[in-house]
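Below is one structure; the comments refer to it alone.
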Amino acid sequence: MKELLLQYAQYNKWANKLIIDAMLGLGDGDVDKEVNSSFPTLRRTVLHTWGAESIWLQRLQLAEHPVWHGEDVALLFDDVCNRWQSDSEAIIRFVAQQYDDRALAHIVEFYDRQKTTHKMPVYQVLHHVFNHATYHRGQMVTMLRQAGATKIPGTDFVGFVRLAS
């Protein structure tokens with residue numbers, strides 16, 4: 001299980017970087033262009049995706065008071081993207097530091113943003129983080145196209161695996 005989750009953590013960072021690089025080629029007007037999606041702009045979608053990854057990482061690190069960054073629109077877009085990549089790297093380190101599959105089966109208790117208590121094993125939290133990012137990266141691809149981007153990266157897992165071999 002650890003090997004698989006580590007590979008997915010590495011894939012997650014790789015795919016996030018490809019999307020980030022494509023978005024950084026756009027102007028501020030393009031990342032703030034309104035479209036119909038889960039979130040109204042690329043900036044808001046990135047903020048949400050990074051915010052979720054960040055708060056889950058904080059929960060896994062047993063932060064007493066995790067901070068939600070998903071609505072911090074005052075941050076520069078480049079800074080949000082850099083922080084997102086930094087947290088993706090931290091998730092890789094977190095998985096790598098787990099001593100064995102028992103550590104990944106450990107139950108984490110946390111509060112959601114509505115202060116409701118939940119419990120989940122670490123491996124399910126990680127699976128959710130990677131799945132959530134994949135979902136929103138797909139939306140970002142559509143939003144990139146609508147913003148006029150012509151170089152859309154492929155972020156499928158198989159592309160990552162082929163590069164690694």
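Values computed for the structure shown
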read-out	value
Residue ID - farthest from the chain's Cα centre (by Cα), chosen from residues in segment 111-140 that are surrounded by 13 or more Cβ atoms within 10 Å (Cβ to Cβ) and either polar (S, T, N, Q) or modelled with pLDDT under 95 (or both)	Gln124
Segment 130-165 - residue that is in contact (Cβ under 8 Å) with a residue 24 or more places away in the chain and charged (D, E, K, R) and, of those, nearest to Gly29 (Cα to Cα)	Lys151
Test: Glu89 is surrounded by fewer than 19 Cβ atoms within 10 Å (Cβ to Cβ) and in a loop (DSSP other than H, G, I, E, B)	no
Long-range neighbours under 9 Å by Cβ, at least six apart or interchain, first residue part of a strand (DSSP E or B) within segment 104-115, second of a type in the set (Gly, Ala, Ser)	none
Only one of Ile92, Ile107 that is more than 23 Å from Pro40 (Cβ to Cβ), within 16 Å of the chain's Cα centre (by Cα) and not basic (Lys, Arg)	Ile92
Residue within segment 130-151 that is of a type in the set (Ser, Thr, Tyr), assigned to a loop (DSSP other than H, G, I, E, B), out of contact with any helix residue (DSSP H, G or I) (no Cβ under 7 Å at 6 or more places or on another chain) and under 19 Å from Asp21 (Cβ atoms) present	yes
Residue identified as among the small types (Gly, Ala, Ser) and surrounded by 18 or more Cβ atoms within 10 Å (Cβ to Cβ) among Ala63, Ala9, Ala74	Ala9
Breaking point among (1) of a type outside the set (D, E, K, R); (2) in contact (Cβ under 8 Å) with a residue 40 or more places away in the chain; (3) out of contact with any helix residue (DSSP H, G or I) (no Cβ under 9 Å at 6 or more places or on another chain), for Ile92	(3)
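The values are calculated or read from the model by the stated rules, or taken from the named source; none is laboratory data. Because the structure is a prediction, the values reported are computed rather than measured. Backbone-built Cβ (ideal geometry, glycine too); neighbour counts: all protein chains shown.
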